[in-house]
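Accompanying notes for the structure given below.
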Amino acid sequence: MKNSTISKRAYAKVNLALDVVRRRADGYHEVRMIMQTVGIYDVLTFTRREEPGIEVRTDKKELPGDESNLIYKAAKLVMEAYPGCGGIKIELQKNIPMAAGMAGGSTDAAAVFHGMNELFCLGMTVEEMCLLGVRIGADVPYCIRGKTALSEGIGEILTELKDAPPCFVLIAKPDIDVSTKYVYENLHADELDWHPDIDGMRAAIEKGDLYGMAELMENVLETVTVKKYPVIEEIKGVMKREGALNALMSGSGPTVFGVFDEEGKVKEAFYKLKETNLAKQIFISEWV
Ligand code: ATP
């Protein structure tokens, strides 16, 4: 019998650029985003059980392991597709800030597909996992693949890009939780009079041009979230004053990330930002 317990890392993402092209008649938004995984990750531990069923445990009391958890939903989809699997226990160690714009739930779901595929020797291809994953959320297929990618459609059409140029990344989440639904509902996509230069950023990444990439970091969702939570702009300001090439809100926010070309600068910015008390969680990280 193969190992009965395995662990997987589920990495968080940031959006190097995020554009909303239009709101579709069905209410979904069509996006163009450059996605990038960062070195902050949850750890999921998978254990086979004799008795059938799914048990999910988390180390955060505000995040129940019940049927609302994306981990549970992903495990259920796999069990339905592969009824031969036995029971499973999945334990989550949550490190990624929640309701933060870092795809914490989606990346946990993605790790479930990878973990169960390995634990039960299911032989699913990445494409097959993505087809199941998109039923849970538009960002799940990206999280299954990770790295640097252009994401289009509602987020499920993915083009792998060259790795983003290496740099140091400062990530800060203020003490607020943002609902992705609220942000999209309050975005007037058809009234936007500017759009991020997604193709320009793609070209900069292909050239390995960190400075060109940083210059084009823009996110249309800031128009909604920053208006409601000005602290996001304040954090961006601190990062830029402390030497960030640029700083941006990730996803629907409120997490802000800044990119730096020197380790000394990112460390200095970390301490300066800490002193301001603007952010509850601060990390120094890098692309993964
Ligand atoms: P995104 O960037 O995809 O919008 P997010 O970082 O803003 O995601 P998440 O951390 O994924 O937001 O969580 C949003 C909500 O989803 C949480 O408040 C929680 O109620 C629910 N949720 C369900 N399962 C999970 C999970 N495994 N991890 C985190 N949140 C989960």
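Structure notes:
- Annotation: amide H of Asn246 within the under-5 Å range of Val259, sequence separation 5 or more or interchain, hydrogens built in the peptide plane.
- Under 5 Å from the amide H of Gln281 lie the amide H atoms of Lys173, each residue being 5 or more positions distant or on a separate chain, with H modelled from the backbone and absent for Pro and chain starts.
- Comparing mean-square fluctuations of Phe120, Phe46, Phe168 from a GNM of the chain with C-alpha springs under 10 Å, the top value falls on Phe120.
- Mean-square fluctuations from a GNM of the chain, with a 10 angstrom spring cutoff on Cα atoms, peak among Arg48, Arg24, Arg145 at Arg24.
- Taking every C-alpha pair closer than 8 Å and separated by at least 6 residues, the mean separation divided by the residue count of the chain gives a relative contact order of 22 percent.
- Whole-number percent relative contact order across the stretch 168-285, with pairs defined as alpha carbons under 8 Å at least 6 apart: 42 percent
- Ordering of 266-274, 178-186 by packing is 266-274, 178-186, highest average first (other Cβ atoms within 10 Å, averaged per residue).
- Cα convex hull volume per residue for the stretch 168-285 (Å³): 101 Å³
- Taking θ as phi - 60° and the Karplus parameters 6.51, -1.76 and 1.60, the scalar couplings of the stretch 140-151 work out to 5, x, 4, 5, 5, 8, x, 6, 9, 8, 8, 10 Hz in sequence order, x denoting glycine and proline.
- Hydrodynamic radius (Kirkwood) for the stretch 97-241, which is based on Cα pairs only, to one decimal in Å: 17.3 Å
- The stretch 59-170 - convex hull of alpha carbons, volume per residue in Å³: 127 Å³
- Residue ranking by accessible heavy-atom surface, 1.4 Å probe, largest first, among His188, His114 comes out as His188, His114.
- Overall Cα dimensions of the chain - principal axes, largest extent first, Å: 57, 43, 36
- Across the stretch 223-288 the C-alpha pair distances fall into 10 Å bins from zero in the proportions 21, 58, 20, 1 percent.
- Note on Lys173: accessible area approximately 10 square angstrom, rounded to 10, probe 1.4 Å, nucleic acids and ligands left out.
The values are calculated or read from the model by the stated rules, or taken from the named source; none is laboratory data. Since we're looking at a predicted model, the values are computed, not measured. Ideal geometry is used to build each Cβ from the backbone, glycine not excepted, and the neighbour counts take in all protein chains shown. For the accessible areas, the whole protein counts, side chains as well, though only heavy atoms, and no ligand, DNA or RNA atoms are used. Shrake-Rupley method; radii C 1.70, N 1.55, O 1.52, S 1.80 Å.
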